[in-house]
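Chemist: I have a structure here, written as structure tokens, and I will follow up with some questions on it.
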Amino acid sequence: MAAKTLIINGKHVSAEENATILEAATEAGISIPTLCHLDGVYDAGACRLCLVEVAGISKLLPACTTKVAEGMDVSTDTERLRKYRRMTLELLFAERNHVCAVCVSNNHCELQTLAYSQGMEHVRFEYRFPKWEVDNTHALFGMDHNRCILCTRCVRVCWHIEGAGTKNESGRGAKERIITDLNQPWGASDTCTNCGKCVMACPTGALFYKGSTVSEMERDRSKLEFIVTAREKKQWIASE
Amino acid sequence: MVIDDLIAIAEQERAARKKYVIRCCLAAGCMSSNSKGVKEALDVAVKEAGLENDVEVRGVGCMKLCCQGPLVQIDGDGQGATVRIEGNPQGPLYQRVTPEDAASLVATLKGGKTNVQRGDPAQPFFTNQVSIVLANSGIVDPERIESYIAADGYQALHDVLREMTPKDVVEAMIKSGLRGRGGAGYPTGLKWATVAKTPGNQKYVICNADEGDPGAFMDRSVLESDPHSVLEGMAIGAYAVGANQGFIYVRAEYPLAISRLQNAIKQAKQKELLGSGVFESPFNFNIDVRIGAGAFVCGEETALMSSVEGKRGSPRPRPPFPAERGLWSSPTLINNVETFANVPPIFRKGPEWFAGIGTEKSKGTKVFALAGRITNTGLLEVPMGTTLREIVEKMGGGAPDGRKIKAVQTGGPSGGCIPAEALDTPVDYDSLVKLGSIMGSGGMIVMDDTSRMVDVARFFMEFCMDESCGKCIPCRAGTVQMYHLLNKILEGKATPRDLEQLESLCDLVKNTSLCGLGQTAPNPVLSTLRFFRKEYTDLLKEDVYAGPKTDDPGQTNGGPKPEALLPVT
Amino acid sequence: MSFLDLDEFLIELAGKVELVFSPVMDVKEYPENVDLCLVEGAVCNEDNLEMIHKVRRRTKILVSFGDCAVTANVTAIRNQLGLGNAESVLQRAYVEGAQSNPGVPREPGIVPLLLPRVMPVHEVVRVDYFLPGCPPPADRIKAVLTQVLSGVEPKLEGLQLKFG
């Protein structure tokens, strides 16, 4: 496979021909903030946090779905991008009810981590305080829509890795929500295999193991990684 | 079907033309004011007057001056399907016809009198139109393929299949200079060339008929009035790019368009103008209709394709573009209704003829749906480069009740408001973009001096907020915040800092959203801010605390005690 | 309480500042010309509203202190109930949950009325600096106070900005 050479933040980087900008940057030790991206499942390009600037292209491009090209000059951390990233995170915090102090994922939350690493010390938009339900009907897991950021990782792992197709999206815009099967309580689902991959994939406290309380919800992504590596590379070991 | 069969059908149809043709509009606009009842009453009246042998009552498509419907026009001796409104001053036009008027209308053919309101076919609204896409609209019977064939229908398809290589077809399209009529104005020939050149055993052609802009009804009218022109255009496109399957994606809110399309497809198949070995060539092509559930975002091509595949209609990042990886990952040609409807005339009359109409960079004509505060609400087709003033003042008749036109909104929720001062702008893709708007699919909403521009911006923002698919954060959550801020401004509760926040949100949503819906959602706000900023600032209230601590445009700290904070009692 | 976790720094601090108003001090009126105020809690009732406006008018540097002030936090959960939420929570607390004497206390001038919506401080007045945390850990408080006292623009970074 041919390699491509490109520049990321002024640094010359070589990448595999079909690599995305995100993969090339990660390999070169350059971190780009992501939220909907999850190693091992196909990308959605939805959260817009990994947008980068590419010289000569006026539009910002998502690093997770844009393939590298020879000579591409990428900037991942400009003032403009930082401004957009912070605003996007603030929009998320204002959109639903993210109360870190009482969240199962406090201290282990990707949204929380991104917020402070992007310098978000307060939310400048008015909080919307929508009313959302918690689905506690499943024997092992719970789903709190208040904390859902609609990254669709759970949907993608459910379809792509587990192949169960239990999780889905319903509604649109601010009313969009994750559903199980044809919008029935999770506990009543015929298709759910209780595999828990969705819970492992969730970046926030939206999906949780029942019984976990504030700050207790830690996720183990190594299992997802193990499965994907085994399936795609035929290696029965979890890669680093 | 060979060419002789086609010519025979056309000749037979023309020969069967009766002395008089009473054309009655059966498009959705007039149907909503009972034009179907009018047509039936006319049939009865003709029978009762014993004129069956001399008079044909023909249900036709849109006769354009929708606000005066139901419309009925009587043609004298002429060339049947090719009689044009402007070319037939003898043909009196009747407006607001009711079923009770039928007898007196038929009586006029025997020298009788009628009190039915007469329209003026010689007014600029009609005479300044140049009909390419709408040439058959209001003339042919959309329910009968013979009527379309008599208007030279399917001849272009024959000529293309039998006399041109796919490469010739693409080159002719490039030469014609046609640009996509769906909104962005991408050169059609170039798109066809890309799909043609992309390797693939299976390719598709899609017609985007998911017209969703508020106030826009061009595509619906074309489908209801002349469905075969779209089918023929798609077939020519399919031949050019090497596709064998087409889909027309229509929204479920267009039941009449759907039934006429399905009927047209059935008739074309019966006549072997669709199917295998069309005109005894090796060309195979089928078209299926896919009905959308009316989500605005499904007009976005990647979302549309996802919906055709049976999945949730949400967009995906481009590239890859549909030309490369489209429907079921196959190379796909996707064009809008009006674009396809332009294709048969281009091949009938030649790309040079088409390129001779319009401006340097925008060729041909454009259909507009004129609505809002305007005297002549309806459908009009004018050459590219016609000024807005000509369209809204001369042809549209200006604002009703002696009001003054304040602005013209083009391009739907993705477009912008063009102020009255800029009415002399020639309408083409590039000049509208310079004014912060877009051509869009052709919706044109006129506002008079009673319209409040912040209200207009809020209306479109609410639309975008409701129609956001929810996939990407800036569009899903940003439109909610923008709508909230616009409400706050309209309620007189906003401060200059809220306006700054609104502007920084516009910047964010425009530059970071995934698809065109989000990227253009701020346009109505941006364009009204550009031309009517004072209407915003007049609604703002003073900030009791000094300005923001930093220059950060998103800063919202402080602000006065809002009225909303009255305690509960 | 986490303020008390500042331990010996409190003594250092006492030498540099004059404490003029605090919930643990018996001062009835918020004084004029205050240099720095750490504002705790969200704006929930009309007393809070009046107070925060007064504080803003009389204070040079206003710091939104802790998650309740910065995000409205748990106290704002009632906002999810929409319009009429204030009455609903009062009913729940004083009527449905009452073991004896059910009834919402209504004493104008004594019991402050709830606002229709709980707001973070910055939605009501201008805030100069934000110090999130639930509660803000002592080192975070110390960092901000030290910077302010030495005349530096206080700036927190990374983990120091973590909510929760």
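None of the figures in this text is laboratory data; all of them are computed from the coordinates on show. Source: prediction; values computed, not measured. Methodologically, a virtual Cβ is constructed for each residue, glycine included, from the backbone with ideal geometry; neighbour enumeration extends over all protein chains shown.
Chemist: If you take every residue apart from residue B:250 with its C-beta less than 13 Å away from the C-beta of residue B:250, what net charge results, scoring Lys and Arg +1 and Asp and Glu -1? Kindly include the intermediate steps, with their values, before the conclusion.
Modeler: Numbers: positive: B:220, B:251, B:260, B:290; negative: B:210, B:211, B:219, B:224, B:253, B:288.
It works out to a net charge of -2.
Chemist: Another question, then. When A:85, C:92, B:497 are ordered from fewest to most other Cβ atoms inside 10 Å of their Cβ, what list results? Numbers along the way, then the final one.
Modeler: Details: A:85 25, C:92 13, B:497 22.
Listing A:85, C:92, B:497 from fewest to most nearby Cβ atoms yields C:92, B:497, A:85.
Chemist: Relative contact order (percent) for the range A:1-46, with alpha-carbon contacts under 8 angstrom and 6 or more residues of separation?
Modeler: Normalised by residue count, the contact order of the range A:1-46 is 22 percent.
Chemist: Assuming 0.36 nm per residue, please report the length gained on full extension of the stretch residue C:153 to residue C:111 beyond their Cα-Cα distance.
Modeler: On the way: separation 42, 0.36 × 42 = 15.12 nm, distance 3.89 nm.
The span from residue C:153 to residue C:111 would gain 11.2 nm if fully extended.
Chemist: Net charge within 14 Å of residue A:210 by Cβ-Cβ distance, Lys/Arg positive one each and Asp/Glu negative one each, not counting residue A:210 itself?
Modeler: With Lys, Arg at +1 and Asp, Glu at -1, the net is -3.
Chemist: In percent, what relative contact order does the range B:454-557 have, based on Cα pairs under 8 Å that are 6 or more apart in sequence?
Modeler: 34
Chemist: In addition: Over the Cα atoms of the range B:365-443, what is the Rg over Rh ratio if Rh follows Kirkwood?
Modeler: Value, to two decimals: 0.92.
Chemist: Would you mind ranking A:93, B:321 by Cβ crowding within 10 Å, fewest neighbours first? It would help to have the intermediate numbers written out before the result.
Modeler: Numbers: A:93 22, B:321 18.
Ranking A:93, B:321 by Cβ neighbours within 10 Å, fewest first, gives B:321, A:93.
Chemist: Next question. First select every other residue whose beta carbon is under 13 angstrom from the beta carbon of residue C:159; then total the charges, Lys and Arg +1, Asp and Glu -1.
Modeler: -1
Chemist: Partner chain Cβ atoms within 10 Å, averaged over the residues of A:173-179 - can you pull that number for me?
Modeler: Average neighbour count from other chains, rounded to a whole number: 5.
Chemist: If amide H atoms are built 1.01 Å from N in the plane of the peptide, which residues on other chains or at least 5 residues away come under 5 Å of the amide H of residue A:179?
Modeler: Sorted by chain and number, the residues that satisfy this are A:168, A:169, A:170.
Chemist: Using R₀ = 41 Å, calculate the FRET efficiency as 1/(1 + (r/R₀)^6) where r is the Cβ-Cβ separation of residue A:131 and residue C:16; round to 0.05.
Modeler: 0.30
Chemist: A further question on this structure: Can you give the Rg to Rh ratio of the range A:3-77, both from alpha-carbon atoms, with Rh computed by the Kirkwood formula?
Modeler: Ratio value, two decimals: 0.92.
Chemist: Using the Cα centre of the protein assembly as shown as the reference point, and only Cβ charges (+1 on K/R, -1 on D/E), how large is the resulting charge dipole? Debye, rounded to the nearest 20.
Modeler: Result for the protein assembly as shown is approximately 720 debye, rounded to the nearest 20.
Chemist: Going from the alpha-carbon gyration tensor of chain A, what semi-axes, largest first and in whole Å, does one get by taking the root of 5 times each eigenvalue?
Modeler: Ellipsoid semi-axes (Å, largest first): 31, 23, 15.
Chemist: Which lysines, on any chain, are close to residue C:155 with Cα under 19 Å apart, when same-chain ones fewer than 8 places away are left out?
Modeler: Those lysines meeting the cut-off are A:83, B:549, C:60, C:142.
Chemist: Treat the count of other C-beta atoms within 10 Å as a stand-in for reagent exposure and order A:77, B:219 from fewest to most. Present the calculation step by step, with values, prior to reporting the outcome.
Modeler: On the way: A:77 15, B:219 32.
If I rank by nearby Cβ atoms, fewest first, I get A:77, B:219.
Chemist: Moving on. Just need the relative contact order of the range B:329-463 here, percent rounded to a whole number, with Cα pairs under 8 Å and 6+ apart.
Modeler: It rounds to 23 percent for the range B:329-463.
Chemist: Also, I was wondering about something else. Helix-derived [θ] at 222 nm for chain B: sum -39500 (n - 2.57) over DSSP H runs of at least 4, divide by residue count, nearest 500?
Modeler: Mean residue ellipticity, 222 nm, calculated: -11500 deg cm²/dmol.
Chemist: Something else about it: Mind ranking B:187-197, C:63-73, B:149-159 by how tightly packed they are, going by the mean number of other C-beta atoms within 10 angstrom, highest first?
Modeler: Those peptides, ordered most packed to least, come out C:63-73, B:149-159, B:187-197.
Chemist: For chain B, evaluate the Debye formula with one uniform point scatterer on each Cα (no solvent term) and list log10 I(q)/I(0) at q = 0.07, 0.08, 0.12 Å⁻¹, rounded to two decimals.
Modeler: So the normalised log intensities are -0.44, -0.57, -1.16.
Chemist: Still on this structure, I have one more. Across 10 Å bins from 0, what is the distribution of all Cα-Cα pair distances for the protein assembly as shown, in whole percents?
Modeler: 2, 10, 17, 20, 18, 14, 10, 6, 3, 1, 0, 0
Chemist: Per DSSP H run of n ≥ 4, the term is -39500 (n - 2.57); total these for chain A, divide by its residue number, and report the mean residue ellipticity at 222 nm rounded to 500 deg cm²/dmol. Kindly include the intermediate steps, with their values, before the conclusion.
Modeler: Values: 6 runs with 53 residues, N = 240.
Computed ellipticity for chain A at 222 nm equals -6000 deg cm²/dmol.
Chemist: Express in nm, to one decimal, how much length is gained between residue A:79 and residue A:11 on full extension, taking 0.36 nm for each residue of separation and deducting their alpha carbon distance.
Modeler: Extending this stretch completely gives an extra 22.7 nm.
Chemist: So which of A:131/B:493; A:4/A:197; B:203/B:269; B:311/B:434 end up more than 30 Å apart, counting from Cα to Cα?
Modeler: A:4/A:197; B:311/B:434
Chemist: What is the calculated FRET efficiency for residue B:430 to residue B:47, with r their C-beta to C-beta distance and R₀ = 51 Å, to the nearest 0.05?
Modeler: 0.40
Chemist: Now for a separate question. Check which residues have an amide H placed less than 5 Å from residue B:248's amide H, if you skip close sequence neighbours.
Modeler: Amide H neighbours of residue B:248, under 5 Å, 5+ apart: B:207, B:288, B:289, B:290.
Chemist: With unit charges on the beta carbon (Lys/Arg positive, Asp/Glu negative), name the residue among B:524, B:189, B:255 whose Cα is farthest towards the positive pole of the charge dipole of chain B.
Modeler: Going by the Cα projections, it comes out as B:524.
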